[in-house]
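Colleague: Before anything else, here's the structure in question.
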């Protein structure tokens with residue numbers, strides 16, 4: 001099965017600093033992957049490189065077999081939906097209108113119908129006509145998640161989609177992305193919660209100082225050795241009825 005997205009020896013520099021260094025990774029259709037790593041590991045840059053927002057100084061990114069910057073912006077938007085880490089909304093429009101922006105090529109009636117369906121999925125069907133500036137931060141986050149779902153894109157990229165959300169909303173977000181992979185989409189999320197990554201994801205890519213420290217099934221990629229070297233944790237996994245849970249303690253980087 002061919003990869004939806006591939007990184008082939010990708011190095012990305014911002015100014016004089018290498019943020020990603022010789023990264024190889026591949027993502028198959030119908031999978032949910034967590035990109036994990038400590039702060040400053042290069043996770044957001046990885047997502048932006050996948051979208052063609054930043055260009056590698058070495059190596060290649062392949063988005064459906066083509067380099068992202070070679071794909072016209074409107075075509076690229078149809079291939080990859082993006083939920084950025086920053087949840088700024090510049091217009092005080094209704095939740096319905098914001099969510100409908102995800103249907104960039106649809107007729108207005110179709111875009112509205114898709115937006116209503118997505119708002120129902122994120123638990124906001126009763127707030128479709130409310131202005132987003134009248135909503136809580138968590139509600140606005142759900143509106144933006146609905147906008148991502150409305151795209152119907154075969155690749156969904158979400159940068160810290162559960163940050164700042166209550167536990168119920170965190171679980172809902174990952175359940176919805178998991179459901180999108182069941183329809184054949186590929187979803188890639190950056191996460192700091194390693195237990196959620198292990199519970200929901202098919203694979204985990206660990207970045208450490210811009211390099212790929214591990215990629216594979218969650219408990220393999222997040223092995224005790226990787227958790228110690230990349231995250232400076234003395235950690236172990238415990239099986240529970242709801243999935244693996246990480247118990248950990250800090251260790252010195254010099255240990």
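Please treat every number below as a calculation from the coordinates, not as lab data. Computed from a predicted structure; not experimentally measured. In this analysis, Cβ positions are derived from the backbone assuming ideal geometry, glycine residues included, and neighbour counts consider all displayed protein chains.
Colleague: Looking at 158, 153, 141, can you tell me which residue is more than 13 Å from the chain's Cα centre (by Cα) and within 21 Å of residue 76 (Cβ to Cβ)?
Modeller: On inspection, the qualifying residue turns out to be 153.
Colleague: Same structure, new question: Can you tell me which residues in the range 217-238 are out of contact with any strand residue (DSSP E or B) (no Cβ under 7 Å at 6 or more places or on another chain) and buried (at least 20 other Cβ atoms within 10 Å of the Cβ)?
Modeller: Within the range 217-238, just 231 meets the criteria.
Colleague: Separate question: Kindly indicate whether any position in the range 63-73 is within 22 Å of residue 102 (Cα to Cα), in a helix (DSSP H, G or I) and touching a residue at least 40 places away in the same chain (Cβ under 8 Å).
Modeller: Looking for residues that are within 22 Å of residue 102 (Cα to Cα), in a helix (DSSP H, G or I) and touching a residue at least 40 places away in the same chain (Cβ under 8 Å), one finds none in the range 63-73, hence no.
Colleague: Now a separate question. Among the residues of the range 148-195, write down those that are closer than 20 Å to residue 215 by Cα, out of contact with any strand residue (DSSP E or B) (no Cβ under 6 Å at 6 or more places or on another chain) and crowded, with 23+ Cβ neighbours inside 10 Å.
Modeller: If the condition is that a residue be closer than 20 Å to residue 215 by Cα, out of contact with any strand residue (DSSP E or B) (no Cβ under 6 Å at 6 or more places or on another chain) and crowded, with 23+ Cβ neighbours inside 10 Å, then 174 is the only one that fits.
Colleague: Okay, next question. Go through the range 1-18 and count every residue that is assigned to a loop (DSSP other than H, G, I, E, B) and free of Cβ contacts under 8 Å to residues at least 60 places away in the same chain.
Modeller: 4
Colleague: Then there is this: Take the range 171-221 and flag every residue that is at negative phi, in contact (Cβ under 8 Å) with a residue 24 or more places away in the chain and part of a loop (DSSP other than H, G, I, E, B).
Modeller: Within the range 171-221, 185, 191, 192, 193, 201, 202 qualify.
Colleague: Anything in the range 239-255 that is free of Cβ contacts under 8 Å to residues at least 40 places away in the same chain, in a loop (DSSP other than H, G, I, E, B) and surrounded by 12 or more Cβ atoms within 10 Å (Cβ to Cβ)? List them, or say none.
Modeller: 251
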